[in-house]
Amino acid sequence: MNGLATAVPLTTRIAVHVLGVDPDRRVLLDRARPPLEPVWGLPGALVEPGEDPVVRARQLVSDAGALTATRVEVIDLESLVEDGLHVVHMVFECGAEPSLFPTDAGSTALWWTLPEIVGLRLSARTRKALASRWAWIWPDT
């Protein structure tokens, strides 16, 4: 052996995470997986091959009971190799207009006010996204 590493081809997938914010500045958060962990994070999903990440981001907000998802823009991008898989994490910020009626989409995400969020245990990606939006509340990410 010459000590050189053998390159292994990696499959690349895109993961979408959404910082959903409604007109009252409530934020959409979901329990981290596995759900028994007391950590809250951004709603997210792997994008299927050929699926548009923006469409998937809007769908995550709609599944949580929003009538519309507007103003979809990328606020963070991270490329990681996890368990032999190359994952590009795209964090979107979306404006949203929550519905007054429950959704049947099966989302476990909930709308939280900023004072409520301050007391929650948040994932690192969530703290970073919140700091990009409200740096005076989450300055130490």
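Quick rundown of the values:
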| quantity | calculated |
| --- | --- |
| Tally of residues being at pLDDT below 85 and of a type in the set (V, I, T) across the range 46-88 | 2 |
| Test for E37: is it modelled with pLDDT under 90 and surrounded by 11 or more Cβ atoms within 10 Å (Cβ to Cβ) | yes |
| Qualifying residue in the range 30-44 (condition: closer than 23 Å to S79 by Cβ, in contact with a Pro (Cβ under 8 Å, 6 or more places away or on another chain) and hydrophobic (A, V, I, L, M, F, W, C)) | no |
| Meets criteria (at pLDDT 95 or above, surrounded by 15 or more Cβ atoms within 10 Å (Cβ to Cβ), in contact with a strand residue (DSSP E or B) (Cβ under 7 Å, 6 or more places away or on another chain) and under 18 Å from A15 (Cβ atoms)) for V91 | yes |
| When residues of the range 17-63 are limited to those that are part of a loop (DSSP other than H, G, I, E, B) and of a type in the set (G, A, S), the one farthest from P98 (Cα to Cα) | G50 |
| Enumeration of residues in the range 64-79 that are within 21 Å of T108 (Cβ to Cβ) and in a strand (DSSP E or B) | A66, L67, T68, A69 |
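The values are calculated or read from the model by the stated rules, or taken from the named source; none is laboratory data. In this text the structure is predicted, and so the values were computed from the model without any measurement. Glycine gets a Cβ as well: all are built from the backbone with ideal geometry, and neighbour counts include every protein chain shown.
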